[in-house]
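The structure under discussion appears below in the form of structure tokens.
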Amino acid sequence: MAIGDSFTEGVGDPDADSPGGLRGWADRFAEVLSAYDDEFAYANLAVRGKLIRQIAEEQVDAALDLRPDLISVCAGGNDVIRPGTDPDEVAAKLDRVIERLGASGATILLFTGVDTAFQPVFRTIRGKVAIFNENVRKVAKRHDCVVVDQWALEELQDSRFWAGDRLHLNALGHHTIARAALEALNVPHDLTPLDPPPVPLRTWRQARKEDVVWAREHLVPWVIRRIKHVSSGDGIEAKRPRPEPARRGRYGGAEA
């Protein structure tokens, strides 16, 4: 069972063979687990753009109704990146979510946020993310959760692992998170680290041109949505609302 936002929905990792047209780390993770049990089933209730309050209201009870053995929770990231939010308050909401889920007896998998030092646009919130991460670790300790430490993943400091919007992981990044989640749970797997080709050298002018295109296509629409109180997840339904097998389609395997 997976709940959360765009990170767990799989945004940035398009795949025509996957429900909703997105694969993502959670599908990749579930594909490996399904190889160990023919009766394994997986549901993913995550929807892009959701704040932690919405995840608590819309996904937690639905997840508990399915009586899962394992629940992955990545929530709070959309709250933390918003100006004026308090990471301690966001973490307190996360704690209440985990308390509800933990009462079911399921194993809970939590995620820290990514170190944003490598992204100039998000570098200013690095301190907020770090504070939130310490709270995530505290919540995990209190409720005996397993933690995937994204902050410590050096691959995620590499732009080659990120989608063009610079906010979501691409297929390489989602593959990396699937590996990290499996290793956090000590699950044997054959997902190997990926070493993509180097980024072609760019002139200063080319880099600035890319920044302008990114701002026009991704940053400005994001700001406008915030002003209008519109979410990228409005009208989007969970891609896997019911437990189902997680084996791959015609491509097979769990490659990136």
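The values are calculated or read from the model by the stated rules, or taken from the named source; none is laboratory data. Keep in mind it's a predicted model, so treat the numbers as computed, not measured. Every residue, glycine as well, gets a Cβ built from its backbone with ideal geometry; the counts of neighbours run over all protein chains shown.
Overview of values
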{"read-out": "Helices (runs of 4 or more DSSP H) contained in the stretch 14-69 and holding at least 1 residues touching a Pro at 6+ places or on another chain (Cβ under 7 Å) and touching a residue at least 12 places away in the same chain (Cβ under 8 Å)", "value": "24-34"}
{"read-out": "Residues located in the stretch 122-133, provided they are assigned to a helix (DSSP H, G or I) and either within 15 Å of Asn78 (Cβ to Cβ) or within 18 Å of the chain's Cα centre (by Cα) (or both)", "value": "Ile125, Arg126, Lys128, Val129, Ala130, Phe132, Asn133"}
{"read-out": "Flag for Gly102 being under 13 Å from the mean Cα position of the chain (by Cα) and either of a type in the set (Gly, Ala, Ser) or exposed (fewer than 15 other Cβ atoms within 10 Å of the Cβ) (or both)", "value": "no"}
{"read-out": "Number of the exception - Ser72 against (1) surrounded by 15 or more Cβ atoms within 10 Å (Cβ to Cβ); (2) polar (S, T, N, Q); (3) not in a strand (DSSP E or B)", "value": "(3)"}
{"read-out": "Of all residues in the stretch 153-167 being free of Cβ contacts under 8 Å to residues at least 40 places away in the same chain and either touching a His at 6+ places or on another chain (Cβ under 9 Å) or not acidic (Asp, Glu) (or both), the one that is farthest from Ala181 (Cα to Cα)", "value": "Arg160"}
{"read-out": "Selected residue [of a type in the set (A, V, I, L, M), modelled with pLDDT of 95 or more and within 17 Å of Val136 (Cβ to Cβ)] from Ile81, Ile52", "value": "Ile52"}
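Condition check ((1) over 18 Å from Gly10 (Cα atoms); (2) buried (at least 22 other Cβ atoms within 10 Å of the Cβ)) across all residues:
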site	(1), (2)
Arg28	no, yes
Val32	no, no
Ala35	yes, no
Glu39	yes, no
Asn44	no, yes
Gly49	no, no
Arg53	yes, no
Val60	yes, no
Arg67	yes, no
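Okay, residues lined up against (1) surrounded by 10 or more Cβ atoms within 10 Å (Cβ to Cβ); (2) at pLDDT below 70; (3) over 21 Å from the mean Cα position of the chain (by Cα):
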position	(1), (2), (3)
Glu183	yes, no, no
Pro193	no, no, no
Thr203	no, no, yes
Arg208	yes, no, yes
Ile236	yes, no, no
Pro241	yes, no, no
Arg248	yes, no, no
Ala254	yes, yes, no
